[in-house]
Amino acid sequence: MSTDNEPTFTVKLLQLLLLSTYWGMQIWVTFISSFVMDNHLNRHTYGFIQSRLVPFYLHLGSACAFFNLTIYAVYHPSDKLNDRESFQIFIFFVSVTVAAVNAQWFGQMTSEIMADMHLIEQACGLGQDIGLSSNREAYAKLSETDVKYRHLSGRLWLYRLLSSLCNLCCLGCNFYSLCYIAENLVTL
C-alpha cells in the first residue's frame, strides 16, 4: 500500500527514466560494447577505454539505483508496506549496495591493476594485438617469467570476477524492478 499522496506524473516518469537508463547501460556495457571492442581494438586501447568508461558507468548506475530506492521509499512508508512492496524496497536496496561496492572498490581496483599490467606489457612489446584472446602464448610466457605480472594477473581476474558478479546481481535486480513496474501498470 502506498502513501495517501500518489506520485505525480513527473515523479513516475523520473522513476522509469532512472530504471530504464540503468538497465540500458547494463545491457550495452555488459553485452554489446565489450564484445564489439574486443573484436576490433588492440588490448591496450580496449583497456584504456574500459578504464575510463567503466568507472563512469558504475558510478552513474549507483546513482540511478540510489535515486530509484529514494523515490520508491518516499512513496511507500515502511508502516504501510505489503510483502511485495517490502520485497521491492529490498531489491532496490540490494541494487544500491552492490552497485556502490562495485563502483567504489572492484571497478577502481580493476582499472588500477590493468594500468600496472599495461606498463609491464608495453615494456615487453605486448599489448598491440587485436582482441583479448590473441597471442595468448606471449602473455602466458610473461606471466611465467614475471612474478609481479603473474600476481597482478591473478588479482585482475579476481576483481573482474567480483565486479561481473556485482553487475549481474544489479542486472537481476533491475530486471525484477522492471517486471514489478510492468505488473503494476494500469495500461500502456
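The values are calculated or read from the model by the stated rules, or taken from the named source; none is laboratory data. Here the structure is a predicted model, which is why all the values come from computation and not from measurement. Cβ atoms come from the backbone with ideal geometry, glycine included; neighbour counts cover every protein chain shown. With ligands, DNA and RNA removed, areas are computed over all heavy atoms of the protein, side chains included. Shrake-Rupley method; radii C 1.70, N 1.55, O 1.52, S 1.80 Å.
Rolling a 1.4 Å probe over the protein heavy atoms leaves Lys80 with an accessible area of roughly 70 Å².
By the helix-only formula, in which each DSSP H run with n ≥ 4 contributes -39500 (n - 2.57) and the sum is divided by residues, the chain has a 222 nm mean residue ellipticity of -26000 deg cm²/dmol. Among the protein heavy atoms, those of Glu183 account for about 120 Å² of accessible surface (1.4 Å probe, every chain in place). Across region 151-159, computed HN-Hα scalar couplings (Karplus, 6.51 cos²θ - 1.76 cosθ + 1.60, θ = phi - 60°) run 4, 4, 4, x, 5, 4, 4, 5, 5 Hz from first to last residue, x flagging Gly and Pro.
Built from the Cα atoms of region 142-184, the convex hull projects on average onto 3.0 nm², one quarter of its surface area.
For the chain, the longest principal axis of the C-alpha atoms and the axis of helix 43-74 are separated by about 20°.
Dipole magnitude for the chain: about 320 debye, using +1 per Lys or Arg Cβ and -1 per Asp or Glu Cβ, origin at the Cα centre. The accessible area of Val94, taken with all protein chains in place and a 1.4 Å probe, comes to roughly 30 Å². Under the classification rounded if a/c is under 1.5, otherwise prolate if a/b is larger than b/c and oblate if not, where does region 101-172 fall, given a ≥ b ≥ c as square roots of the Cα gyration tensor eigenvalues? Cα axes put region 101-172 in the prolate bin. The slack between Leu14 and Asp129, meaning 0.36 nm per residue of separation minus the straight C-alpha distance, is 37.1 nm. Within the listed set Leu18, Leu119, Leu58, the Gaussian network model of the chain (springs between alpha-carbon atoms below 10 Å) gives the highest mean-square fluctuation for Leu119.
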